[in-house]
Amino acid sequence: MMIGAVSGYYPNNSMYANSINNNSARTDFNPKPNANPDEIKKAGRRSSPEECETCKHRKYQDGSDEANVSFKAASHISPESAGARVRAHEGEHVANAYKEAAQKNGKVVRASVSIHTAICPECGRTYVAGGTTNTMIKYTNEENPYVKEQKSRDAAAFRGANIDYAA
């Protein structure tokens, strides 16, 4: 198949050979063919993921004003378990919103959690950088005169709307 004068065929389904006349695949692409790909230093990176100091010393801390959630003090999480721990932490914020709504005669209209990722500048590993929880709680105030007026208008509009034919 030709698209824009570029052939879609490469010999041996590998990277294109060193010269056009040589149809053999590159042999210098992976210096350690049996090595773990996570242990190989990638181009443009200072270290491999196994020896990355940035990932080893990364700390997470909660920036909210809620006192009963985890990570109020900065603490380290391994990159492998960061996703689960951050999701659990953001779940604590959602649970607090439901508890607050129940205590103050409110209703949780919306609760959304966003998990943020980033790429480590030293080793190139994608990691969970943090999370954000957005909640919307609707409170009803029975003493508010506007709420009382709205309820009386709703009562007038719905009065007689349902008829019991069996009676």
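Things to note:
- Label point distance in nm, Ser64-Arg87, each placed 7 Å from Cα along Cα→Cβ: 1.7
- With the simple model of a label 7 Å out from the Cα in the direction of the Cβ, Lys99 to Val147 spans 2.4 nm.
- The HN-Hα couplings worked out from phi for segment 69-83 by the Karplus form 6.51 cos²θ - 1.76 cosθ + 1.60 (θ = phi - 60°) are 10, 6, 6, 6, 9, 4, 8, 8, 10, 5, x, 5, 9, 4, x Hz, whole numbers, x standing for Gly and Pro.
- Taking a ≥ b ≥ c as the square roots of the eigenvalues of the Cα gyration tensor, segment 49-156 is prolate, since a/c reaches 1.5 or more and a/b is larger than b/c.
- With each label modelled as a point 7 angstrom along the Cα→C-beta vector, the Lys56-Asp164 pair spans 7.6 nm.
Values in this text are rule-based calculations from the coordinates and carry no lab data. The shown structure was predicted, so the numbers you read here are calculated from the model rather than taken from an experiment. Cβ sites come from the backbone with ideal geometry, for glycine too, and all protein chains shown count toward neighbours.
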